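Reading through the structure tokens given below for one structure.
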Ligand SMILES: [Zn+2]
């Protein structure tokens with residue numbers, strides 16, 4: 001195996017529920033799927049599994065050992081296009097250059113699978129170029145957008161895709177530090193106390209921390225919205241807010257994320273303060 005290569009079968013142990021879901025969709029695959037949750041490695045593994053599932057001719061597919069499966073694992077299959085956001089931004093030129101290929105049927109008799117690994121690394125222009133391709137029917141072509149959370153992708157891309165959620169690596173053992181922040185935030189929404197002493201010390205909130213807090217709260221919110229509050233923070237959310245309130249939190253978090261991702265000079269502690277005060 002090439003170094004750094006990912007073998008879907010060993011990596012996906014423990015993610016059987018999403019594997020089954022993909023198997024169930026394989027006879028009539030949606031044009032685009034978003035894979036979220038899991039680790040970066042698991043997301044790549046599931047994307048490759050999907051490509052194998054749609055192209056392996058052995059039964060039960062995918063076998064993992066035939067020429068097609070091996071070529072997919074080696075990223076050397078003629079109907080596999082792999083855009084690697086792990087290595088930096090996915091560029092407009094890469095997407096634009098491929099649009100003529102997407103207009104054609106696949107080389108073989110399976111599907112051409114275009115995988116965008118860590119698709120949050122799209123530049124805005126590249127994401128919009130892909131969106132144009134998703135808006136036109138592309139027989140025989142399917143797309144995979146893999147990202148840590150759907151919120152990190154252009155909303156219009158997500159809304160055109162089927163979302164597959166892998167088991168979150170850490171919702172129950174969310175980083176202890178992030179947990180403190182998300183609990184403090186919900187506490188402040190309920191009581192109006194206990195927040196600003198966290199964000200006001202100079203240098204207390206870096207951009208990375210602010211992003212982690214927003215993502216952590218989005219995970220908790222997702223649990224609460226599904227009616228499956230399994231953590232203290234998601235339980236507090238369910239108890240303190242009705243559906244409208246939860247949706248409002250969702251919008252506020254999306255705006256916060258947007259400003260953290262797109263404005264270089266943003267002050268991260270002000271963004272978190274803005275999130276805190278919008279809901280009181
Ligand atoms: Zn095979």
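The values are calculated or read from the model by the stated rules, or taken from the named source; none is laboratory data. Just so we're clear, the structure is a prediction, and the values are computed from it rather than from any experiment. When we count neighbours, we look across all protein chains shown, and the Cβ atoms used for this are built from the backbone with ideal geometry, even at glycine.
How do the helices (runs of 4 or more DSSP H) wholly within the stretch 177-280 filter down when requiring 2 or more residues that are touching a residue at least 24 places away in the same chain (Cβ under 8 Å), within 19 Å of the chain's Cα centre (by Cα) and more than 25 Å from residue 124 (Cα to Cα): which remain? Full working, then the answer.
Working: elements: 196-199, 207-225, 232-240, 243-262, 268-278.
Helices (runs of 4 or more DSSP H) meeting the threshold: 207-225.
Tell me, please, whether a residue that is in contact with a strand residue (DSSP E or B) (Cβ under 6 Å, 6 or more places away or on another chain), modelled with pLDDT of 95 or more and more than 21 Å from residue 34 (Cβ to Cβ) can be found in the stretch 81-93.
Looking through the stretch 81-93, none of the residues is in contact with a strand residue (DSSP E or B) (Cβ under 6 Å, 6 or more places away or on another chain), modelled with pLDDT of 95 or more and more than 21 Å from residue 34 (Cβ to Cβ).
Quick check on my filter: what residues within the stretch 120-151 are closer than 20 Å to residue 43 by Cα and in contact (Cβ under 8 Å) with a residue 40 or more places away in the chain?
Listed by number, the residues that qualify are 141, 142, 143, 144, 145, 146, 147, 148, 149, 150, 151.
Return the pair list, or none, for Cβ contacts closer than 6 Å from residues in the stretch 38-67 that are at pLDDT 95 or above to residues that are near the ligand (Cβ under 8 Å from one of its atoms) and assigned to a helix (DSSP H, G or I), at least 6 apart or on different chains.
52/69; 55/68; 56/68; 56/69; 62/52; 62/69; 63/69
Taking residue 245 as the residue in question, decide whether it is surrounded by fewer than 16 Cβ atoms within 10 Å (Cβ to Cβ) and at positive phi. Spell out how you get there, then give the answer.
Details: surrounded by fewer than 16 Cβ atoms within 10 Å (Cβ to Cβ): yes; at positive phi: no.
Judged against the criteria, residue 245 is not a match.
Scan the stretch 115-144 for residues that are within 16 Å of residue 160 (Cβ to Cβ) and in a helix (DSSP H, G or I) and report the count.
Within the stretch 115-144, residues that are within 16 Å of residue 160 (Cβ to Cβ) and in a helix (DSSP H, G or I) number 11.
Tell me, yes or no, whether the stretch 149-159 has at least one residue that is outside any helix (DSSP H, G or I) and out of contact with any strand residue (DSSP E or B) (no Cβ under 9 Å at 6 or more places or on another chain). Let's see the steps before the verdict.
The first filter runs over the stretch 149-159 and keeps only residues outside any helix (DSSP H, G or I), leaving 149, 153-154.
Then drop every residue that is not out of contact with any strand residue (DSSP E or B) (no Cβ under 9 Å at 6 or more places or on another chain), which leaves none.
No: the stretch 149-159 contains no residue that is outside any helix (DSSP H, G or I) and out of contact with any strand residue (DSSP E or B) (no Cβ under 9 Å at 6 or more places or on another chain).
Scan the stretch 57-107 for residues that are surrounded by 18 or more Cβ atoms within 10 Å (Cβ to Cβ), away from the ligand (no atom under 15 Å from the Cβ) and more than 17 Å from residue 124 (Cα to Cα) and jot them down.
81, 82, 102, 106
Tell me, please, whether a residue that is within 16 Å of the ligand (Cβ to nearest atom) and crowded, with 20+ Cβ neighbours inside 10 Å can be found in the stretch 123-140. Give the steps one after another, and end with the answer.
Our first condition is that a residue be within 16 Å of the ligand (Cβ to nearest atom); within the stretch 123-140, this holds for none.
Among the residues of the stretch 123-140, not one is within 16 Å of the ligand (Cβ to nearest atom) and crowded, with 20+ Cβ neighbours inside 10 Å, which makes the answer no.
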